Amino acid sequence: KAFASATAEQVVRARYSAYAKREVDFIVGSTHPLNKGFMSDIEHWKEQIRINCYDNFILNSCEIVEEEYEGEGDSQTAKVKFVAKMTQVDSREKSAFMETSTFERAGKHIANGAWLYKEGVIETAPGFPDAQEDEESDDDDSAVPEAHTAEPETIA
């Protein structure tokens with residue numbers, strides 16, 4: 001029930017925690033069924049997430065930059081912009097990215113009407129070099145985790 005009543009920002013924090021702790025069930029369960037990376041073969045999808053779960057990085061922190069809501073009722077969407085910072089395990093190189101994640105509800109019968117991750121647009125984080133062209137991340141198995149500035153939180 002706590003997940004259903006969480007704000008989109010709280011879901012961002014919980015998804016970050018899920019990536020940091022390799023809690024694949026929550027990553028899948030908090031993804032909107034219309035996300036381009038959503039796979040009907042859930043077990044295969046979970047395995048793909050496990051393979052791409054940032055084992056070579058320490059997920060340090062994330063700063064929520066902005067949270068906004070548009071629309072009303074069933075057509076409401078939420079956007080959360082954040083900067084996530086991480087450290088590569090072997091080289092100790094610090095890196096970061098900025099993402100604007102879009103969340104929508106998929107109806108009362110899916111995750112009790114909770115905010116679900118639909119898509120994300122990744123940009124270069126302020127103050128960090130652009131390692132590659134800005135890219136859009138619409139599939140959850142390659143999306144970088146959400147994070148926050150304190151200890152990772154879990155929605156009970």
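The values are calculated or read from the model by the stated rules, or taken from the named source; none is laboratory data. Everything numeric here is computed off the predicted structure, so don't read it as measured data. No Cβ is skipped: glycine too gets one built from the backbone with ideal geometry, and neighbour counts run over all protein chains shown. With ligands, DNA and RNA removed, areas are computed over all heavy atoms of the protein, side chains included. Shrake-Rupley method; radii C 1.70, N 1.55, O 1.52, S 1.80 Å.
With coordinates expressed along the principal axes, the C-alpha atoms belonging to the range 1-126 extend over 47, 34, 25 Å, beginning with the largest. Counting protein heavy atoms only, the range 1-102 has 47 percent of its accessible area on carbon and sulfur, 1.4 angstrom probe.
If you filter the range 16-78 for chymotrypsin sites (Phe, Trp or Tyr not before Pro), then keep DSSP loop positions with at most 16 other Cβ within 10 Å, what is left?
Those that pass, being in a loop and sparsely packed, are Y54.
Here the label points at T7 and E66, each 7 Å from Cα along the C-beta direction, are separated by 1.6 nm in the simple model. Using just the C-alpha positions of the range 1-67 as equal point scatterers, what log10 of I(q)/I(0) does the Debye formula give at each q in 0.22 1/Å? Debye curve over Cα of the range 1-67, log10 I(q)/I(0) at q = 0.22 Å⁻¹: -1.07. Take each peptide in 29-37, 94-102, count the other Cβ atoms within 10 Å of every residue, and average; sorted highest first, the result is 94-102, 29-37.
Using the average count of surrounding beta-carbon atoms within 10 Å as a protection proxy, the listed peptides 71-81, 5-15 rank, highest first, as 5-15, 71-81.
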